[in-house]
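Data block below; observations after.
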Protein chains: 2
Amino acid sequence: MQDLSPQQTAQNGIDEAVVSSILSARIRPGTRLSENQLAALFDVSRTRVREAMMRLEARGIVNVSPRRGWFVVEPSAEEAMTVYDARRVIEAGLLRTMSRLTETGRTVLNTHLADEKAAIAAGDRQRLTCLMGDFHIRIAELAGNAILVDILRDLTARTILISMLYQSDFHAMQSHLGHCSIVAAMEEGDFQKAAALSVEHLDEVETGLDLTRRPDPLADLRHSLSLPPQTVAPSSKASRKAKP
Amino acid sequence: MQDLSPQQTAQNGIDEAVVSSILSARIRPGTRLSENQLAALFDVSRTRVREAMMRLEARGIVNVSPRRGWFVVEPSAEEAMTVYDARRVIEAGLLRTMSRLTETGRTVLNTHLADEKAAIAAGDRQRLTCLMGDFHIRIAELAGNAILVDILRDLTARTILISMLYQSDFHAMQSHLGHCSIVAAMEEGDFQKAAALSVEHLDEVETGLDLTRRPDPLADLRHSLSLPPQTVAPSSKASRKAKP
DNA sequence: GCGACAAATCTTGCATACAAGGCGAGCAAG
DNA sequence: CTTGCTCGCCTTGTATGCAAGATTTGTCGC
């Protein structure tokens, strides 16, 4: 468990600290979230940690294995497809309902694209992950529907977890170009095209996943020890049972 | 607080008991959900009731007024529009991604339409409300996306609360005919048309609302004094802070 | 050395106790 | 009759304690 920037976000902040840690890829799928440790970090009792976990569970961000602990979800390949499917439905549906791009909207999106470009240039992968997810949330924000924004935020969090599990390598530039063309279509006022491009973009990203790859049960330990990811097939006795 | 059919759904069932009570219009918006009473009804301690409330809060079904109690949400007119907007986006998006109707799907939908017709004939309004909401969930189920089903179920719950607040009278037959034409389009295999009809249908229903009707008799005074609409605090999800 | 068993040590699950604050009844004063 | 005040009841907020189960570790027999 890495830093979750405790303190200031103390009050109702446990939820958001976890979510934003996921959104910026600072926390891996399958990470154990110990009630005691979180309670200590945020200087509250387990009760409040538990409440936060319940809320996150309802949002599909964590799940609990009875009497074992809370874990950041590790979406299965099937769930991964479901998430991408849901995003295609919502994002395309959203773009199709939009009819014009306000001036400030144009500015927001272009600024965002510039940020993405900067992050690519700087090779800041963590920031890039965050930005790539944020792009889609930004669009929902432009549409002005708070409910859809919340839904997409949670789906984006899951998407990031999925990519940490299954993404072989990160075609940042390809994604960035996808975003650029979506924005271009929006600037043309052609939102049908933007919707189609959005579907295509999500298809591309999903295709880039290796959904046959079984999640590595040792991933977090490996990560903590800064070992190279999955060099060879795990030795015989490393096989642990899948989580429920 | 009416019957929530306790007992059998005991384990994790408080959440679902509340939701299904809303879905079948057995519980009104603004209803107070006392922790003690629920605890007594389900024969558990307040702890578990509280956990259920936390989850429901995250789903936008209830909210808490500090030290006063938990209440079934009373969507404002603005929130009502947002909910309908979100449903239009998702349901139309969903239909547009569908390409064919399976045989069992056809059966399910036609059975459902028959049920609606029967409920209309019987004048069973409560059952009708339930069925009218369920129709849209059924479609999502046909599409086979569990995430969207969950999302739509929660949105449907909110929709029902909205109609209890703002619906002057229930044009059941009109809604039923809307459903019929959507199914007809699906049977033709014309899902673009089905999507368009779905949007139209939701527009119709929304238009049938009297969103000027204030659930709050003090609304005028409140407005005159420039106080925030509705006494309830903004939903927890509404106050998300920016990401890192 | 190695596998099986058992105890120790964590973990969450759940209930309860107490604290903090809202709300209304009742009362007094104007 | 209305207004202002106080007290007591009732609500949620939060912490803590203990029980139940899972995991790990240590140990024994082989």
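Here is a check on your reading of the model: is A:Ile151 of a type in the set (A, V, I, L, M) and in contact with a Ser or Thr (Cβ under 9 Å, 6 or more places away or on another chain)? Outline the logic, then answer.
Values: of a type in the set (A, V, I, L, M): yes; in contact with a Ser or Thr (Cβ under 9 Å, 6 or more places away or on another chain): no.
Criteria not met by A:Ile151.
When B:Arg100 is tested against (1) in a helix (DSSP H, G or I); (2) within 22 Å of A:Ile90 (Cα to Cα); (3) at pLDDT below 95, only condition (1) is not met. Filtering the stretch A:173-188 down to residues that are within 14 Å of A:Gly208 (Cβ to Cβ) and open to solvent by less than 50 Å² (accessible area, probe 1.4 Å), which residue is nearest to the chain's Cα centre (by Cα)? Applying the filter and picking the extreme gives A:Ser175.
Checked against (1) open to solvent by less than 30 Å² (accessible area, probe 1.4 Å); (2) modelled with pLDDT under 95; (3) hydrophobic (A, V, I, L, M, F, W, C), B:Val83 passes all but a single condition, namely (2). Within the stretch A:28-42, the set of residues being within 12 Å of DNA strand C (Cβ to nearest atom) and either surrounded by fewer than 20 Cβ atoms within 10 Å (Cβ to Cβ) or within 12 Å of chain B (Cβ to nearest Cβ) (or both) comprises A:Arg32, A:Ser34, A:Glu35, A:Asn36, A:Gln37, A:Ala39, A:Ala40.
Considering the stretch A:43-78 alone, what residues qualify as being assigned to a helix (DSSP H, G or I) and either surrounded by 17 or more Cβ atoms within 10 Å (Cβ to Cβ) or in contact (Cβ under 8 Å) with a residue 60 or more places away in the chain (or both)?
A:Arg48, A:Val49, A:Arg50, A:Glu51, A:Ala52, A:Met53, A:Met54, A:Arg55, A:Leu56, A:Glu57, A:Ala58, A:Ala77
So, A:Val62, is that one among the hydrophobic types (A, V, I, L, M, F, W, C), more than 11 Å from DNA strand C (Cβ to nearest atom) and closer than 29 Å to A:Arg138 by Cα or not? No; evaluated as a whole, the condition is false for this residue. Looking only at residues of the stretch A:90-122 that are among the basic types (Lys, Arg) and more than 10 Å from chain B (Cβ to nearest Cβ), we find that the one that is farthest from A:His179 (Cα to Cα) is A:Arg100.
Kindly establish whether B:Arg96 is farther than 26 Å from B:Leu209 by Cβ, in contact (Cβ under 8 Å) with a residue 24 or more places away in the chain, away from DNA strand C (no atom under 16 Å from the Cβ) and open to solvent by 40 Å² or more (accessible area, probe 1.4 Å). Steps first, please.
Numbers: farther than 26 Å from B:Leu209 by Cβ: no; in contact (Cβ under 8 Å) with a residue 24 or more places away in the chain: yes; away from DNA strand C (no atom under 16 Å from the Cβ): yes; open to solvent by 40 Å² or more (accessible area, probe 1.4 Å): yes.
No: the conditions fail for B:Arg96.
Within the bounds of the stretch A:51-74, is there any residue that is within 12 Å of chain B (Cβ to nearest Cβ) and either more than 27 Å from B:Ile14 (Cα to Cα) or of a type in the set (S, T, N, Q) (or both)? Checked against the condition, which is being within 12 Å of chain B (Cβ to nearest Cβ) and either more than 27 Å from B:Ile14 (Cα to Cα) or of a type in the set (S, T, N, Q) (or both), the stretch A:51-74 yields no hits at all. Taken over the stretch B:123-172, the criterion of being open to solvent by less than 30 Å² (accessible area, probe 1.4 Å), more than 19 Å from B:Leu211 (Cα to Cα) and within 14 Å of another protein chain (Cβ to nearest Cβ) is satisfied by B:His136, B:Ile139, B:Ala140, B:Asn145, B:Ile147, B:Leu148, B:Val149, B:Ile151, B:Leu152, B:Asp154.
The values are calculated or read from the model by the stated rules, or taken from the named source; none is laboratory data. This is a predicted model, so every value here is computed, not measured. Here the Cβ is made from the backbone with ideal geometry for all residues, glycine too, and neighbour counts use every protein chain on show. When the accessible area is computed, the model is the full protein with side chains, heavy atoms only, and any ligands, DNA or RNA have been set aside. Shrake-Rupley method; radii C 1.70, N 1.55, O 1.52, S 1.80 Å.
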